[in-house]
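Undergrad: Please read through the structure below; I'll follow up with questions.
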Amino acid sequence: MISYEQLLILVTLSSVTLMALATIVLKRLGRRYDFIPIYIAIATTLVQMAIALSIRGLTGLVGVVSALVSLISEGYIISIRRYIYTPRKVLISMLLVLFNSLTMLVTLATTTQVNDIIKLFIYWEGLSYTTIAALNIRHTREEYEATMKYVLVCVIGSLMALIGIVLSVAECDSTSISVILSRASVPSKMFIVIGFLTEAAVFPFYFWVPDADVSMLSTLAIMHMGAVTPVATYVAGLFAYNGGALIRNLVSALSILTAFIGSLASLFQSDFRRLLAYSTVAHMNYLVLAFANNVVDYGALHILAHALSKVPVFLIAYTMLEMMQIREVGYAYMWDNSLARYVIVASSLGLLGLPPFLTFWSELFIFLKIFALGSIFHLYAALFFIVIVVSTGYAFKIIYSCVKKSESDGDRMSVQNPKAALLLLATTSSASIILFMLQGYIISYFF
């Protein structure tokens, strides 16, 4: 019987091959048919989502989030086509499919179904190369600079992880992750943790994240912040939790420190997308804190909750830049559109973690489960709460910029409104409210 791992690889290779063949045909048909690869990607993404729902567990929930974000990206590209030109659609379609499968394969490698650290490393390297490709869609100077930073971090992380893996396999005489987690030495696990922390946006390696998210084409950046980076936080957290008290406490402390830095830095950003990128740094470290302390269920739920709030507002910021040449968050009020304002306000409240948004439950239970561990974890929980309070600053900064009154009617810009795209983003923001009432079902289904 074919395994989930083999099925994912088969689906991915088939889809990418079909897109490659479509590229040859499209060169003869012209631009009129250049959306065919996007439709192939949509069909593939639906298959990948079905596989994720069948797998369940953390892998299943990560797969659902990845597929959901991919569908939003694909739907946005199609619905915005009359207003914003999307380059290199074939490559974008391939990258979306690869991101979907590789995020699931990385987490699947840690389960009993695969349980192989060599495969884990191979799939993770595949994600890294896919990210590098995503950073070079338009070949701008901004992309090249972000790529250089990412490659620097990626090389350091890969070398560290590889050293840890080699030492662990030599010590345990096995490539089984479960064996390595229980028998490998603390130094070996430390190397592996450092390797994955470099790409999990943890201090001092977080500096590449804002540049990558801002320079990457936003329809791919949402995949990176919504699914790819969260996978790194899980793997790093898994090895940190099983690496002993020293590693666990060190990673927990660094995650809180980085979350504070991310929330504080967001307050001082004028660029809308860069503000949201620093917010991503903070939320990724919520995940690191959760996974490093074995809060897997609500850590995974926060991946979904964060994506539902971050993706719509990030694409709104991208739309403002492309259609109105507005980069600064302080001018968000100039877009005179009720749907756009709804998305900005709802997403900001979601990122803050207020009810009735799904982030409320994920952040609440991460706090409660960390606090319940006792001792030093009471302090970690208290600091985590303080970081959330600090995040109110950037959330209300966004809201105020959106709803404040202009000095004159001429300050507001009259532009064509991409209704289908805005409706898609508004629906995504609303999904966080709907799922707020279903969080118990989500946890019970996947875990």
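We did not get these values from a lab; they are worked out from the coordinates using the rules stated. What you are looking at is a predicted structure, and each value in this text was computed from that prediction instead of being measured. Cβ: placed from backbone, ideal geometry, glycine included. Neighbour counts: every protein chain shown.
Undergrad: Convex hull over the alpha-carbon atoms of region 44-102: what's its volume per residue in Å³?
TA: Cα-based convex hull of region 44-102, divided per residue, equals 62 Å³.
Undergrad: When the Karplus curve 6.51 cos²θ - 1.76 cosθ + 1.60 is applied with θ = phi - 60°, which whole-Hz ³J(HN,Hα) does each residue of region 144-150 get, with x for Gly and Pro?
TA: 4, 5, 5, 5, 4, 5, 5
Undergrad: Computed over the Cα atoms, what is the radius of gyration of region 85-231 divided by 2.2 N^0.38 Å, N being its residue count?
TA: With N residues counted in region 85-231, Rg over 2.2 N^0.38 Å equals 1.09.
Undergrad: Restricting things to Cα coordinates, could you compute the convex hull volume per residue of region 304-447 in Å³?
TA: That works out to 112 Å³ per residue.
Undergrad: Using a Förster distance of 30 Å, how high is the FRET efficiency between residue 420 and residue 24, based on the Cβ-Cβ distance and rounded to 0.05?
TA: That pair, residue 420 with residue 24, gives E of 0.50.
Undergrad: Ok, one more. Among 86, 392, 280, which comes first, then next, by fewest other beta-carbon atoms within 10 Å?
TA: Result, fewest neighbours first: 392, 86, 280.
Undergrad: Run lengths n ≥ 4 of DSSP H only: what is the helix-derived mean residue ellipticity at 222 nm for the chain, with -39500 (n - 2.57) per run over all residues, to the nearest 500?
TA: -26000 deg cm²/dmol
Undergrad: Provide the convex hull volume over Cα atoms per residue for region 88-163, in Å³.
TA: Per residue, the Cα convex hull of region 88-163 comes to 71 Å³.
Undergrad: Using r as the Cβ-Cβ distance of residue 151 and residue 385, and R0 as 35 Å, what FRET efficiency do you calculate, to the nearest 0.05?
TA: 0.45
Undergrad: Measuring from centroid to centroid over Cα atoms, what is the spacing of region 193-237 and region 304-347 in Å?
TA: The distance from the Cα centre of region 193-237 to that of region 304-347 comes to 21 Å.
Undergrad: Moving to a separate point now. P(r) of region 4-446 in 10 Å steps, Cα pairs, percent per bin?
TA: With a bin width of 10 Å, the distribution comes to 5, 22, 33, 26, 11, 3, 0, 0.
Undergrad: So what J values fall out for region 360-372 if you push phi through Karplus, 6.51 cos²θ - 1.76 cosθ + 1.60 with θ = phi - 60°, rounded to Hz, Gly and Pro as x?
TA: With coefficients 6.51, -1.76 and 1.60, one gets 4, 5, 5, 5, 4, 6, 4, 4, 5, 6, 5, 4, 5 Hz.
Undergrad: Something else: Dipole magnitude of the chain about its Cα centre, charges +1 at Lys/Arg Cβ and -1 at Asp/Glu Cβ only, in debye to the nearest 20?
TA: 740 debye
Undergrad: For region 170-298, what is the Kirkwood estimate of the hydrodynamic radius, computed as the reciprocal of the mean inverse distance between distinct Cα atoms, to one decimal in Å?
TA: The Cα-based Kirkwood calculation yields 15.0 Å.
Undergrad: Modelling each spin label as a point 7 Å along the Cα-to-Cβ direction, I'd like the residue 56/residue 445 distance in nm, to one decimal.
TA: Result: 1.2 nm between the two label points.
Undergrad: Compute the distance in nm between two label points, each set 7 Å from the Cα along the Cα-to-Cβ direction, one at residue 17 and one at residue 267.
TA: Distance between label points: 5.6 nm.
Undergrad: Can you compute the modelled spin-label distance between residue 39 and residue 185, with each label point 7 Å from Cα toward Cβ, in nm?
TA: 5.9 nm
Undergrad: Select from 217, 276, 18 the residue whose mean-square fluctuation is largest in a Gaussian network model of the chain (Cα-Cα springs shorter than 10 Å).
TA: 18
Undergrad: So, one more: I want to make sure I understand the PRE zone here: with the label point 7 angstrom from the Cα of residue 9 toward its beta carbon, which residues in region 72-102 have backbone N atoms less than 14 Å away?
TA: Output list for this probe position: 102.
Undergrad: Something else about it: Give or take rounding to whole Å, what are the principal axis extents of the alpha carbon atoms in region 123-179, in descending order?
TA: Over region 123-179, Cα extents along the principal axes are 46, 17, 11 Å.
Undergrad: Hey, another quick one. In nm², what is the average projected area of the convex hull enclosing the Cα atoms of region 10-74?
TA: One quarter of the hull surface, i.e. the mean projection, equals 4.4 nm².
Undergrad: Let me ask something additional. Return the sequence-ordered ³J(HN,Hα) values of region 299-313 in whole Hz as given by the Karplus equation 6.51 cos²θ - 1.76 cosθ + 1.60 applied to θ = phi - 60°, using x for Gly and Pro.
TA: Those phi angles translate into x, 5, 4, 5, 4, 5, 4, 5, 4, 5, 8, 7, 4, x, 6 Hz.
Undergrad: Roughly speaking, what is the stretch gain from residue 138 to residue 257, that is 0.36 nm per residue apart minus the C-alpha to C-alpha distance, in nm to one decimal?
TA: Full-extension gain reported as 39.4 nm.
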